Structure formats: structure tokens, C-alpha cells
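**Q** Dropping a structure here in C-alpha cells format, bear with me for questions.
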Ligand SMILES: [Zn+2]
């Protein structure tokens with residue numbers, strides 16, 4: 001599942017071919033993804049200029065000339081590809097191995113075709129009218145922004161009786177932090193995922209805040225390296241090889257103490273950690 005760094009990498013990949021350009025043509029190959037597009041989707045996007053392509057949590061946000069905002073979420077399996085060598089009007093041309101899942105095609109005035117492919121269709125696109133409430137309204141601070149600091153996190157966790165692992169996945173506490181990076185940050189901060197969220201010390205909260213920012217920043221940097229190679233690839237954006245300290249490493253040795261990494265399930269999600277280092 002794409003997490004914040006993957007979404008940011010996709011945004012950076014799409015930006016040069018989308019920002020400042022017009023949506024020349026919008027093709028929807030089905031009426032819905034996770035949610036229906038709505039009857040007026042095509043009319044509200046086609047012909048519009050995309051001013052700025054930003055990101056908040058795991059949402060990409062295209063600001064349209066009309067004032068509408070187009071939210072794009074990759075869900076579980078969504079990916080964007082950039083097609084440079086298509087013939088206009090030829091919609092059979094694709095770089096995807098499973099073109100039947102090419103659900104949305106944007107032809108941009110930059111001369112590129114941006115294709116959204118999503119086999120599982122947990123992703124979605126949604127138009128938000130100017131001033132209308134949106135899914136972004138209740139989100140907590142962005143992990144890399146100055147609005148996330150140790151005092152802010154400490155205040156958000158105060159009195160929380162649930163486990164720190166679970167609390168950190170709450171998007172109202174920190175926006176866009178997902179399962180992988182929560183496991184990695186807790187490992188680096190040497191905090192057990194089973195600790196009560198409201199019982200961390202000041203020093204632990206400071207350490208945790210720093211490590212959350214570090215793991216996200218490093219993953220975005222890794223994504224950036226994948227983008228530099230991207231010019232010569234098949235145009236697929238956003239999924240890159242990345243190695244983790246604990247995530248997905250059940251039974252393998254801890255990189256610090258050689259104990260076996262264990263996997264437990266917390267609120268339905270896998271948690272990977274080192275019992276010795278995160279006692
Ligand atoms: Zn260890």
C-alpha cells in the first residue's frame with residue numbers, strides 16, 4: 001500500500017507534466033473507483049488549468065483554475081503512469097501490463113498522457129468545490145512540517161490510554177503516517193509498540209518525533225532517487241525498493257542486537273518490533 005513517501009514521490013513525478021498545464025481531455029473508463037466520480041466530474045476537469053499539485057497526508061491535490069480541488073488517493077494498489085509516446089485519440093496504447101485497470105486517463109497540454117491504473121479500486125478521485133468541507137479538515141499535523149513538534153505530539157497523546165502504535169496511526173494525531181513508518185519510528189526511538197500512548201516521557205516523545213521525521217524524510221529521498229532513474233523506465237511512478245529495519249522482517253535478526261524481530265497484531269494491523277531493544 002502506498003504510504004506518504006510514495007505519494008510524495010508520485011506527486012513529484014507528475015508535477016513537471018501536469019502543473020501549469022491544461023487537462024485537454026479526460027477519459028473515465030468506469031463510473032467509479034472506491035467512490036463514484038459523480039456525473040459532472042468530466043465537465044469540471046476537462047479544459048481546466050492545473051495550477052498547483054500539492055500533497056496533504058496521502059492525498060494529492062490538484063488545484064484547478066475554477067477553484068475546484070481534485071483530490072486523488074491511491075488506495076491500496078493505485079498507480080500513475082506517464083505516457084509520452086501515445087498517438088492522440090489512440091486509447092489502446094498503454095505501458096501497463098494490465099490495461100483493463102486503466103480507469104482514468106488525463107491528456108495534458110504538456111503533451112503527456114497521465115494514466116491512473118488501480119486493479120483493486122480502493123483509490124478514489126473526488127472534486128471539492130471552493131470552500132466546501134473536505135476529508136482534510138480533521139487531519140493532524142503533517143509529519144515533516146514545523147506544525148509537528150515534540151510538544152504538539154505530547155499534547156495530542158496526553159491522557160490517551162490506547163497503545164502508542166495504534167495512536168500514531170490515528171490521522172487526527174499525525175496525518176499520513178502509516179503502518180510501515182510507525183513501526184520503523186518506534187524501533188529507532190526504542191519504544192515498545194505496546195506502551196500506553198499517554199505514558200511516554202518528555203524525552204521519549206522528543207526522540208519519537210525526531211525519528212518520525214527522519215524515517216519519512218529518508219523514504220522520500222529514496223523515492224527521489226527512484227525518480228531520477230525514471231526518465232529511462234516504463235513511466236511507472238511511485239513504487240520503489242526500500243529496506244526497513246523491522247517492517248516485514250519477522251524472524252530475522254535485529255540490526256542492533258541480533259534478537260529475532262517479532263510480529264504481533266494490534267487493532268488488526270501487523271506490528272514488527274524487537275522485544276530486546278524496545279523493552
Ligand atoms: Zn534489537
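What follows is calculated from the coordinates using simple rules that are stated; it is not laboratory data. Computed from a prediction, not measured in an experiment: that's the story for all the values here. Note that each Cβ is placed from the backbone with ideal geometry, even for glycine, and that neighbours are counted across all protein chains shown.
**Q** For the chain, what does the relative contact order come out to in percent, with C-alpha contacts under 8 Å and a separation of six or more?
**A** It rounds to 19 percent for the chain.
**Q** Rank these for me by crowding, 72, 108, going from fewest to most other beta carbons within 10 Å. Display every interim value, and only then the final one.
**A** Details: 72 24, 108 20.
If I rank by nearby Cβ atoms, fewest first, I get 108, 72.
**Q** Taking the Cα atoms of region 4-128, report the difference between the largest and smallest coordinate on each principal axis, in whole Å and largest first.
**A** 32, 30, 29
**Q** Based only on other Cβ atoms within 10 Å, what is the fewest-to-most ordering of 212, 105?
**A** Ordered by Cβ neighbours within 10 Å, fewest first: 105, 212.
**Q** Going by average Cβ neighbours within 10 Å, how do the peptides 73-81, 198-206, 268-276 rank, with the highest at the top?
**A** Descending packing order for the listed peptides: 73-81, 268-276, 198-206.
**Q** A follow-up question, please. Can you give the relative contact order of region 150-244 as a percent, counting alpha carbon pairs under 8 Å and 6+ residues apart? Spell out each step's value before the answer.
**A** Working: 90 pairs, mean separation 27.4, N = 95.
In percent, rounded to a whole number, it is 29.
**Q** Okay, moving on. Any idea what the relative contact order of region 4-128 is, in percent, if you count C-alpha pairs under 8 Å spaced at least 6 apart?
**A** Working: 253 pairs, mean separation 39.9, N = 125.
Dividing the mean separation by the residue count of region 4-128 yields 32 percent.
**Q** Let me ask something else about it. Can you give the helix-only mean residue ellipticity at 222 nm for the chain, where every DSSP H stretch with n ≥ 4 adds -39500 (n - 2.57) and the sum goes over all residues, rounded to the nearest 500 deg cm²/dmol?
**A** The per-residue figure over the chain is -8000 deg cm²/dmol.
**Q** Order of 4-15, 59-70 by packing, highest average Cβ count within 10 Å first?
**A** Final packing ranking: 4-15, 59-70.
**Q** Nearest 10 degrees, 0 to 90: what angle lies between the long axis of helix 179-188 and the longest principal axis of the chain (Cα atoms)?
**A** It is inclined by approximately 40 degrees.
**Q** Along the three principal axes, how long is region 53-180 when you take its alpha carbons, biggest first, rounded to the nearest angstrom?
**A** Between the extreme Cα coordinates on each principal axis of region 53-180 lie 59, 33, 22 Å.
**Q** Using the per-residue mean of other Cβ atoms lying within 10 Å as a proxy for protection, in what order, highest first, do the peptides 145-154, 130-139, 215-224 fall? Intermediate results must be reported in sequence, preceding the final value.
**A** Numbers: 145-154: 15.0, 130-139: 11.5, 215-224: 18.1.
Order by mean packing, descending: 215-224, 145-154, 130-139.
**Q** Note down, for region 150-244, the three equivalent ellipsoid semi-axes (square root of 5 times each alpha carbon gyration tensor eigenvalue), biggest first, whole angstrom.
**A** Each semi-axis is √(5λ); the values are 31, 12, 11 Å.
**Q** So what's the projected area for region 113-173, the Cα convex hull averaged over all directions, in nm²?
**A** On the way: hull surface 29.3 nm².
For the Cα atoms of region 113-173, the hull's average projected area reads 7.3 nm².
**Q** Using only Cα positions of the chain, each an equal point scatterer, no hydration layer, compute I(q)/I(0) via Debye at q = 0.07, 0.12 Å⁻¹ and quote the log10 values to two decimals.
**A** Values returned for q = 0.07, 0.12 Å⁻¹ are -0.29, -0.80.
**Q** Can you sort 165, 25 so the residue with the fewest Cβ neighbours within 10 Å comes first?
**A** Fewest to most other Cβ atoms nearby, the residues stand as 25, 165.
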